[in-house]
Each structure stands twice: as structure tokens, then as C-alpha cells.
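The values are calculated or read from the model by the stated rules, or taken from the named source; none is laboratory data. The model shown is predicted, which means the values in this text are computed figures rather than measured ones. Positions of Cβ are generated from backbone atoms using ideal geometry, with glycine treated the same way; all protein chains shown enter the neighbour counts. Surface areas here come from the heavy atoms of the whole protein model, side chains and all, with no ligands, DNA or RNA. Shrake-Rupley method; radii C 1.70, N 1.55, O 1.52, S 1.80 Å.
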Amino acid sequence: MSMSWTYEGLKRNAPGVILFGGLFAIMAVSALNKSANDASLIRSVVAINGTIKSVYWAKNNGPTYALSLNDNSLVFVDDEQPHLIGSNARIERVTRNNGSVSYRFSN
């Protein structure tokens, strides 16, 4: 069994190779961005109120809660503690020096 490297063969496989390479690049950039956000210093922490709308359990992560804020925007917050759907929750908006914003439950 021999491999023939012809122009037609390369042209036929190019979309798959480009798609795979693009997905790999997106994953790499996302991982680097997450580590850069975690390394950036916290600039401000603001306490806000929200209402828990739903919860999502991923396979390898704890629950992620969808919260509706007072201005009707929706944010997602990870937390290991159980929270009731429909209850009011106090969360914190964390702004880092690099401009990224994340949310966490208040302790």
C-alpha cells in the first residue's frame, strides 16, 4: 500500500485539514486567554443582586447557574454550592486589569 501525494488528493483533503487546524487554533487561543485572565490582577469587585433562572450540570464540571440581573441581562456563574432556582442571589462582578469581567457568588 503506497501513498500517492497528488494535487487532487491534497485538494480533496484540504477542507478537513483547514477545519481541524482552525479548531485547534481556537482552542489554543482560548486556553491562553483563560490563563492570562487568571494571572491578571483584580481591579474592582462590585456586589450585585440577581435571580437564579436555571442550572446546568456538565460532565466534568460542577453546576453552572444562569442568573438574571436587575437590568435583565443574563450571566453564568459556576459554583459548587447548591442554589434554588427562582431564588435571589448576591453575586460579585470581578473586573481585572486586562479588562476581562467575570462573576462569582458572594461568600
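Any idea which residue in the stretch 58-102 is farthest from ALA47 (Cα to Cα), counting only those that are without any contact (Cβ under 8 Å) to a residue 24 or more places away in the chain and of a type in the set (Gly, Ala, Ser)?
Across the stretch 58-102, the extreme among qualifying residues is ALA58.
Of the residues ALA47, ALA66, which single one is open to solvent by less than 30 Å² (accessible area, probe 1.4 Å) and among the small types (Gly, Ala, Ser)?
Step by step, each of ALA47, ALA66 is checked, and only ALA66 is open to solvent by less than 30 Å² (accessible area, probe 1.4 Å) and among the small types (Gly, Ala, Ser).
Given the options VAL75, VAL94, name the one that is open to solvent by less than 40 Å² (accessible area, probe 1.4 Å), touching a Leu at 6+ places or on another chain (Cβ under 8 Å), of a type outside the set (Gly, Ala, Ser) and in a strand (DSSP E or B).
Sole residue among the options that is open to solvent by less than 40 Å² (accessible area, probe 1.4 Å), touching a Leu at 6+ places or on another chain (Cβ under 8 Å), of a type outside the set (Gly, Ala, Ser) and in a strand (DSSP E or B): VAL75.
Do we have any residue at all in the stretch 79-86 that's under 18 Å from the mean Cα position of the chain (by Cα) and under 16 Å from ARG104 (Cβ atoms)? Even if it seems obvious, please write down each step before you answer.
Filtering the stretch 79-86 down to residues under 18 Å from the mean Cα position of the chain (by Cα) leaves 79-80.
Among the residues that remain, those that are also under 16 Å from ARG104 (Cβ atoms) are: 79-80.
Yes, because at least one residue in the stretch 79-86 is under 18 Å from the mean Cα position of the chain (by Cα) and under 16 Å from ARG104 (Cβ atoms).
For (1) open to solvent by 70 Å² or more (accessible area, probe 1.4 Å); (2) within 27 Å of PRO82 (Cα to Cα); (3) modelled with pLDDT under 80; (4) assigned to a helix (DSSP H, G or I), each residue gets a yes or a no:
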site: ALA14; (1), (2), (3), (4): no, no, no, yes
site: VAL17; (1), (2), (3), (4): yes, no, no, yes
site: ALA25; (1), (2), (3), (4): no, no, no, yes
site: ALA28; (1), (2), (3), (4): no, no, yes, yes
site: ASN33; (1), (2), (3), (4): yes, no, yes, yes
site: ALA36; (1), (2), (3), (4): no, no, yes, yes
site: ARG43; (1), (2), (3), (4): yes, no, no, no
site: LYS53; (1), (2), (3), (4): yes, yes, no, no
site: TYR56; (1), (2), (3), (4): yes, yes, no, no
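Quickly run through the stretch 78-91 and pick out the residues that are open to solvent by 40 Å² or more (accessible area, probe 1.4 Å) and either modelled with pLDDT of 90 or more or among the aromatic types (Phe, Trp, Tyr) (or both).
Selection gives LEU84, ILE85, GLY86, ASN88, ARG90.
Among the residues of the stretch 78-91, what is the count of those that are in a strand (DSSP E or B) and either more than 11 Å from THR51 (Cα to Cα) or in contact with a Phe, Trp or Tyr (Cβ under 9 Å, 6 or more places away or on another chain) (or both)?
4
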